[in-house]
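Below is one structure, written out as structure tokens; comments come after it.
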Amino acid sequence: MSGPPSRLRAVLGHLGLVDKPTEQQQQQQQHQQPEPQQQPRQKQHHLHPLSPTFFLERAASIEPDAEAVVHVTANGKTLRRSYAELADRARGLAYYLLAGGYRRVGIVAPNTPAFLETIFGVGAVPGAVLVPVNYRLKPEDVSYILGFADVDCVVVDAEFVDLLSHFRSEHPGVRFIVDTDTDATEGELSGPFDEAVLAGLDADKKGRRGWAGLAPHPADEDDAIAIPFTSGTTSRPKGVVYTHRGAYLAALANVVESGLNIGEADGGGGGGGGGRHRCRYLWTLPMFHAVGWTFPWAVTAARGTHVCLRRVDYAAIWRLLREERVTHFSAAPTVCTLLCAAPEAGALEAPVRVTVAASPPTAHLFAQMTDLNLRPVHVYGMTETYGPITKGYHMPAWDALPPAEKYALMARQGHGFLTSLPIRVVRTPAEEEQALHQSHHDATYQQQQQRQQQQPPSDDDDDDEVLVDVKKDGKEIGEIVFVGNICAKGYYKDPEATAKLFAGGALHSGDLAVWHPDGSAQILDRAKDIIISGGENISSVALESMLVQHPDVLEAGVVAVPDSRWGERPKAYVTTRQRRGGGGDGNPAPALRGEDLIEWARDQSAISKFMVPREVDVVDELPKTSTGKIRKNVLREWARQGRKPDEP
């Protein structure tokens with residue numbers, strides 16, 4: 001439809017008050033018509049923009065005295081805060097940031113109450129965005145992230161101030177707020193962070209606005225709320241843009257999928273009142289990683305208790321599990337493995353739900369966890385999907401299966417979350433070319449593809465990539481892709497990477513998988529980690545799962561190494577359990593050697609002969625990311641250099 005100026009010109013031309021355009025001019029005008037601009041979303045007064053920041057205001061209004069935070073501070077004191085206190089402190093920080101004009105706030109800190117307060121405080125400031133940073137990165141990477149994200153304020157834990165020394169010298173205009181994470185004596189402040197909170201609360205009192213003077217509901221729910229960064233193991237870290245809407249929906253999905261609101265079934269108190277059976281979530285997962293998989297918002301939505309933890313200490317975790325009556329926590333498989341192997345490990349009186357993700361778990365691990373009353377909730381996702389986006393839903397019929405088969409089914413990546421569309425597995429270019437001659441004329445298969453297609457055809461002529469689903473036969477290999485409400489907006493200041501991420505209209509995971517007849521997906525490997533040996537695909541994930549079944553193997557990491565005959569072959573790096581006894585004299589049994597494991601794999605395991613590694617190095621520790629993923633790029637470098645990590 002033509003706009004008012006063009007209609008006016010047509011009327012004036014008809015009246016002879018302006019010259020009518022020639023036919024040639026009309027053609028030129030048609031070609032020069034600008035692209036139609038997207039109309040702003042019309043405000044509907046009976047609706048409100050979605051934002052997870054509102055969960056804190058809501059929790060504090062419903063149960064102001066409920067326990068929101070438990071934390072052992074850096075000076076060893078146990079701190080407990082109610083939801084009213086948590087909300088007041090977050091609101092105070094928000095007013096401080098608002099008064100200072102700070103809109104891009106970085107945070108470099110462990111899992112402390114200040115981190116939670118910063119998440120909600122930044123989220124309540126109109127137009128403000130949180131930039132959580134991995135404090136385990138090198139100083140140059142931390143400086144790169146903070147600079148690239150254009151931060152104007154940084155909240156930093158006192159332990160990591162030196163990590164920012166280079167950035168501070170390069171950016172003297174950036175405001176730094178140091179949190180000492182100490183519980184000061186009554187009437188004293190514990191450092192600059194508390195001072196900022198108090199200054200904000202004073203400003204709030206003068207204006208008497210409360211939450212109404214902030215923005216727990218943003219003007220536009222598609223605005224950014226946070227920019228977490230990828231691990232950047234092979235390239236510069238990428239900033240992933242999270243929106244208020246996406247974070248809201250991802251958090252609510254985690255409430256349901258991890259059962260955070262399970263205490264509501266009996267009124268939240270099991271007859272005892274006071275929320276005794278309410279969710280008590282232990283923070284073993286770094287809050288900086290994908291904003292803690294959105295669990296800061298999810299636990300708050302369920303009005304649960306955040307049991308904070310400065311660092312992963314397995315003895316402390318077991319103590320907190322028992323003393324603080326923890327009901328939930330999240331962890332990578334490697335963290336769960338080491339937790340199960342800790343001397344303090346023992347079956348818990350009450351079950352604890354453990355949201356397991358970050359890398360494919362093994363059936364063997366799930367069996368160990370279940371014996372300790374740690375109930376696995378297997379989810380899968382990536383930073384670009386706000387953390388978890390699929391779940392392995394437990395089917396009642398599985399309980400009648402042999403344990404090994406049951407836990408193998410539990411280890412699948414499963415189905416899409418309720419706030420996302422179903423997971424898809426699509427053909428990669430190589431698989432598409434291989435299958436072309438098999439299915440090109442198969443009308444039945446083509447009809448099946450049309451039924452499985454989740455997205456309508458794209459009107460964008462420039463995007464000519466068509467995603468074709470693999471067969472749901474548990475055999476054909478493809479790449480997992482996602483479509484849904486909890487896919488991130490894109491990469492910050494990187495349109496090329498964003499276009500590649502969403503090629504064909506879906507978010508590409510880079511994970512190779514098969515699709516089972518029940519619609520569940522099962523990861524075989526990362527595309528870059530698959531081993532092609534003599535034309536056979538060897539899944540490093542499958543091989544690792546088999547190697548850890550040896551009674552002395554604790555963890556395993558497998559990578560491809562060059563082979564003159566087969567092209568590639570697998571090489572394994574393993575850590576071992578501490579063996580006790582074994583000898584009649586009470587001395588420790590001999591340490592496991594690489595050749596012992598190779599012999600076991602060849603003669604006693606279920607590993608196919610072509611998959612058996614010819615090289616196994618026993619190491620003290622495997623390199624891991626902040627969330628516990630094994631860093632395969634480091635293992636490949638070890639293999640390339642032909643040395644063990646403890647050698648000079």
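Numbers below:
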| quantity | calculated |
| --- | --- |
| Residue in region 309-327 that is surrounded by the most Cβ atoms within 10 Å (Cβ to Cβ), counting only those that are among the acidic types (Asp, Glu) and in a loop (DSSP other than H, G, I, E, B) | Glu324 |
| Selected residue (criterion: nearest to the chain's Cα centre (by Cα)) from residues of region 515-542 that are charged (D, E, K, R) and not in a loop (DSSP other than H, G, I, E, B) | Arg526 |
| Those residues of region 398-418 which are under 12 Å from Asp518 (Cβ atoms) and either polar (S, T, N, Q) or in contact with a helix residue (DSSP H, G or I) (Cβ under 8 Å, 6 or more places away or on another chain) (or both), in sequence order | Trp398, Leu409 |
| Pairs with Cβ under 7 Å, 6+ apart, first in region 190-213 and among the acidic types (Asp, Glu), second outside any helix (DSSP H, G or I) and modelled with pLDDT under 90 | Glu195/Leu189 |
| Residues (more than 12 Å from Gly239 (Cβ to Cβ) and within 21 Å of the chain's Cα centre (by Cα)) located in region 139-150 | Asp141, Val142 |
| Residue that is of a type in the set (Ser, Thr, Tyr) and either in contact with an Asp or Glu (Cβ under 6 Å, 6 or more places away or on another chain) or buried (at least 24 other Cβ atoms within 10 Å of the Cβ) (or both), where the choices are Tyr102, Tyr135 | Tyr102 |
| Those residues of region 57-108 which are in contact with a strand residue (DSSP E or B) (Cβ under 9 Å, 6 or more places away or on another chain) and part of a helix (DSSP H, G or I), in sequence order | Ala59, Ala60, Tyr83, Ala84, Glu85, Leu86, Ala87, Arg89, Leu93, Tyr96, Leu97, Gly100 |
| Among the candidates Ile119, Ile107, residue that is surrounded by 24 or more Cβ atoms within 10 Å (Cβ to Cβ), in contact with a helix residue (DSSP H, G or I) (Cβ under 8 Å, 6 or more places away or on another chain) and within 21 Å of Leu50 (Cα to Cα) | Ile119 |
| One residue from Pro517, Pro551 being out of contact with any strand residue (DSSP E or B) (no Cβ under 6 Å at 6 or more places or on another chain), more than 25 Å from Cys336 (Cα to Cα) and at pLDDT 85 or above | Pro517 |
| Some residue of region 333-350 being within 15 Å of the chain's Cα centre (by Cα), touching a residue at least 12 places away in the same chain (Cβ under 8 Å) and buried (at least 24 other Cβ atoms within 10 Å of the Cβ) | yes |
| Among (1) modelled with pLDDT under 90; (2) touching a Leu at 6+ places or on another chain (Cβ under 8 Å); (3) not in a loop (DSSP other than H, G, I, E, B), the one test that Phe610 misses | (2) |
| Tabulated pairs, region 141-169, first free of Cβ contacts under 8 Å to residues at least 12 places away in the same chain and buried (at least 22 other Cβ atoms within 10 Å of the Cβ), second in a helix (DSSP H, G or I) and of a type in the set (Ser, Thr, Tyr), C-beta under 8 angstrom, 6+ apart or interchain | none |
| From Thr362, Thr370, Thr428, Thr390, residue being within 30 Å of Ala224 (Cβ to Cβ) and among the polar types (S, T, N, Q) | Thr390 |
| Cβ-Cβ under 7 Å pairs, at least 6 apart or on other chains, region 547-569 side closer than 24 Å to Gln641 by Cα and in the same structural domain as Trp600 (by TED's automatic domain parsing), far side surrounded by fewer than 17 Cβ atoms within 10 Å (Cβ to Cβ) and of a type in the set (S, T, N, Q) | none |
| Where Ala298 falls short, out of the listed (1) in the same structural domain as Leu130 (by TED's automatic domain parsing); (2) assigned to a loop (DSSP other than H, G, I, E, B) | (2) |
| Single match in Tyr102, Tyr96, Tyr83, Tyr135 (criterion: of a type outside the set (D, E, K, R) and more than 30 Å from Phe167 (Cβ to Cβ)) | Tyr83 |
| Residue within region 448-470 that is closer than 30 Å to Gln368 by Cα and at pLDDT 60 or above present | no |
| Residues (touching a Lys or Arg at 6+ places or on another chain (Cβ under 8 Å) and surrounded by fewer than 16 Cβ atoms within 10 Å (Cβ to Cβ)) located in region 591-607 | Ala591, Arg602 |
| Options Pro360, Pro286; residue that is closer than 20 Å to Gln522 by Cα and either in a helix (DSSP H, G or I) or not assigned by TED's automatic domain parsing to the domain that holds Leu543 (or both) | Pro360 |
| Leu282 vs. criteria in contact with a strand residue (DSSP E or B) (Cβ under 6 Å, 6 or more places away or on another chain) and surrounded by 22 or more Cβ atoms within 10 Å (Cβ to Cβ) | yes |
| Top-ranked residue of region 173-206 - restricted to ones that are assigned to a helix (DSSP H, G or I) and of a type in the set (D, E, K, R), ranked as modelled with the lowest pLDDT | Lys206 |
| Qualifying residue in region 156-170 (condition: of a type in the set (Gly, Ala, Ser), assigned by TED's automatic domain parsing to the domain that holds Phe288, farther than 18 Å from Pro110 by Cα and in contact with a Pro (Cβ under 6 Å, 6 or more places away or on another chain)) | no |
| Qualifying residue in region 336-353 (condition: within 30 Å of Thr243 (Cα to Cα), modelled with pLDDT of 95 or more and assigned to a strand (DSSP E or B)) | yes |
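The values are calculated or read from the model by the stated rules, or taken from the named source; none is laboratory data. It should be emphasised that the depicted structure is a prediction, and the values quoted were computed from it without experimental measurement. Every residue, glycine as well, gets a Cβ built from its backbone with ideal geometry; the counts of neighbours run over all protein chains shown.
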